[in-house]
Amino acid sequence: MGAALASDAIVAVVGAGAMGSGIAQVAAQAGHPVRLFDTRIGAAERAKDAIGQTLSGLAARGKLEAAAASAAAARITPVHALGDCVSAGLVVEAVVEDLDTKRSLLRELEVIVPQSTILASNTSSLSITALAAGMKAPGRIVGMHFFNPVPLMQLVEVVSGLATDPAVAAAVHATAAAWGKAPVHATSTPGFIVNRCARPFYGEALRLLAERAADVATIDAVMREAGGFRMGPFELMDLIGNDVNFSVTWNVWEACFRDPRYAPSVLQQERVAAGYLGRKSGRGFHDYGPDAARPAASSEAPQPAPSRIVLHGDAGVAPPLVERIAAAGVAIDRQAARAGFPDGCMAVGDAWLALSDGRTATARAAATGIPDLVLFDLALDYASCTRLAVAAADGCGPAAFAAAVGALQAAGIAVSRFDDVAGLAVLRTVAMLGNEAADAVTMGIASAADVDVAMRKGVNYPRGPLAWADAVGVGRIREVIAHLQAHYGEDRYRISPLIARRDARAAALAPAAAAAIVEAREGIAR
């Protein structure tokens, strides 16, 4: 069963809702005869008609040959009994997300189809091990988790339970690839890859909002314009539905024995209780009413550009930011690194401007003896970002803060001031995403390559979390999480063993750099 399903093999899809219809369309476009079944009278016929209209629309827009569209639609046959799936080589169930319902269906199917037929579940969160328990041939039960909308989203999580035959998983993986998808292997654990590794994207944003670091529109804008995410976390929660997103978070939290890393937010729970479910209800974290104006992100008023800044050190991951400031006509005076700022910092008048390291600006100002300290956030690409979040130490004077803002604005960057919160927005989120992804690898949920593919293809992240952690530096990621843990005192911010190992390995390969970091940290502690 290691090879892909033959293109002329019958694929049966049980459930003609949005997901089932999408799976049927993709299988038919790949050349398979498709049997589409639903217990609701007329649902399979309506789904076939809708798929036909979709394919005709693609042909009309020149995205599909008319003959190919017609042929794909013709391959889909609505059926009215599970027994009509008897000749299928693969059955994909896409019924309601309920363990008993799916398990009952699979047990009914196993006495209808031959033993060579693969039985796949499109579950997004239920245990494949639990679904297969008690089956006569549990080895042929596998997860085949598509993402909505199925024809457009590339990712398929191929999920193996404890009893899943590796050859079955390999066959489903090869079949998904033959269908033009990007399949990844995952083990049956809560949330699989995407729904588990994505939790920090929502969780850290909700915590920032709970701490009143910034408003919803500003956090969303920073995550888009600095972090490079296609949507901000609150926009995405509203699109998914706060009820659905909250339920997934709750289920992962419960399934992981209430691990604080996945703890749900009271802020989201309140919105669900109020019926503020997002776009589908007209209101969520944002207002989607017909007369609602899109809220603007908070931006600092324009400040004069400095004539000169002093760059101490090499600016860490932010040299493009310095280059943008210099391109605006600001003179750059380069000097040796300053104690307490191993990643470099910029002196702008009385202000000191530096990349956050996970501490609050006030805590870092106290450690370095610099009261007029302003920290800026991480960006996906400092050469092109259009907004940055900043936080000022409590002792920072208005004139010093204005000077720091003016330096960033000179680079053409909008500046959003956050309350002095640990790690700001993009940095803490990227650190926690990388940390969670590293744990997924450590626990054998998926390979590092598959985790990164899953997060890029499944939720459209601009970079895989592990690749992003490598780009930022695993030492920096570890330091940020350690500072978050020290600030909050919570196990939520524990460091993944993989991050710790890679940081140690990097230190072993670069002892001089490691010694400099240790020296700088000791200086901070003093």
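The values are calculated or read from the model by the stated rules, or taken from the named source; none is laboratory data. As the structure is a computational prediction, the values presented were derived from the model and not from experiment. Cβ atoms come from the backbone with ideal geometry, glycine included; neighbour counts cover every protein chain shown.
Does region 479-489 contain any residue that is small (Gly, Ala, Ser), at negative phi and within 19 Å of the chain's Cα centre (by Cα)? No: zero hits. Being assigned to a helix (DSSP H, G or I), buried (at least 24 other Cβ atoms within 10 Å of the Cβ) and not small (Gly, Ala, Ser) is true for just one of THR129, THR175. Which residue is that? Of the residues listed, the single one that is assigned to a helix (DSSP H, G or I), buried (at least 24 other Cβ atoms within 10 Å of the Cβ) and not small (Gly, Ala, Ser) is THR175.
For (1) assigned to a strand (DSSP E or B); (2) of a type in the set (Ser, Thr, Tyr); (3) within 20 Å of VAL252 (Cα to Cα); (4) modelled with pLDDT under 95, each residue gets a yes or a no:
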residue: LEU152; (1), (2), (3), (4): no, no, no, no
residue: VAL158; (1), (2), (3), (4): yes, no, yes, no
residue: GLY180; (1), (2), (3), (4): no, no, no, no
residue: ALA186; (1), (2), (3), (4): yes, no, yes, no
residue: PHE192; (1), (2), (3), (4): no, no, yes, no
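For region 361-374, the set of residues classified as under 19 Å from GLY316 (Cα atoms) and surrounded by fewer than 22 Cβ atoms within 10 Å (Cβ to Cβ) consists of THR368 only. Of all residues in region 2-47 being touching a Gly at 6+ places or on another chain (Cβ under 6 Å) and among the small types (Gly, Ala, Ser), which is modelled with the lowest pLDDT? If we take residues in region 2-47 being touching a Gly at 6+ places or on another chain (Cβ under 6 Å) and among the small types (Gly, Ala, Ser), then SER7 is modelled with the lowest pLDDT.
Determine which member of the set GLY423, GLY397, GLY412 is in contact (Cβ under 8 Å) with a residue 12 or more places away in the chain, over 19 Å from ILE325 (Cα atoms) and surrounded by fewer than 19 Cβ atoms within 10 Å (Cβ to Cβ).
GLY397
Out of region 175-210, which residues are within 29 Å of SER416 (Cβ to Cβ) and not hydrophobic (A, V, I, L, M, F, W, C)? Result: ARG199, PRO200, TYR202, GLY203, GLU204, ARG207. Does ARG417 count as within 26 Å of TYR493 (Cβ to Cβ), surrounded by fewer than 23 Cβ atoms within 10 Å (Cβ to Cβ) and of a type in the set (D, E, K, R)? So ARG417 fits the description; yes. Would you confirm, using the coordinates I've provided, whether ALA337 is under 28 Å from GLU235 (Cβ atoms) and either surrounded by fewer than 17 Cβ atoms within 10 Å (Cβ to Cβ) or touching a strand residue (DSSP E or B) at 6+ places or on another chain (Cβ under 6 Å) (or both)? Spelling it out, it is not the case that ALA337 is under 28 Å from GLU235 (Cβ atoms) and either surrounded by fewer than 17 Cβ atoms within 10 Å (Cβ to Cβ) or touching a strand residue (DSSP E or B) at 6+ places or on another chain (Cβ under 6 Å) (or both). Could you grab me the full set of residues in region 321-334 that are buried (at least 16 other Cβ atoms within 10 Å of the Cβ) and outside any loop (DSSP other than H, G, I, E, B)? Residues satisfying the conditions are LEU321, VAL322, ARG324, ILE325. Of the residues screened, ARG258 is one that is of a type in the set (Lys, Arg), over 30 Å from GLY340 (Cα atoms) and either surrounded by fewer than 20 Cβ atoms within 10 Å (Cβ to Cβ) or under 22 Å from the mean Cα position of the chain (by Cα) (or both). In the set SER127, SER87, only one residue is touching a residue at least 40 places away in the same chain (Cβ under 8 Å), more than 34 Å from the chain's Cα centre (by Cα) and within 24 Å of ALA170 (Cα to Cα); that residue is SER87. Applying the set (1) within 25 Å of ALA167 (Cα to Cα); (2) modelled with pLDDT under 95 to LEU109 leaves exactly one unmet item: (2).
Among the residues examined, ARG463 qualifies as part of a loop (DSSP other than H, G, I, E, B), surrounded by 16 or more Cβ atoms within 10 Å (Cβ to Cβ) and at pLDDT 95 or above.
Restricted to region 36-68, and to residues there that are β-branched (Val, Ile, Thr) and outside any helix (DSSP H, G or I), the residue that is surrounded by the fewest Cβ atoms within 10 Å (Cβ to Cβ) is ILE41.
Being in a loop (DSSP other than H, G, I, E, B), at pLDDT below 95 and out of contact with any strand residue (DSSP E or B) (no Cβ under 7 Å at 6 or more places or on another chain) narrows it down to one residue among ALA301, ALA292, ALA305; which is it?
Every option except ALA292 fails the conditions.
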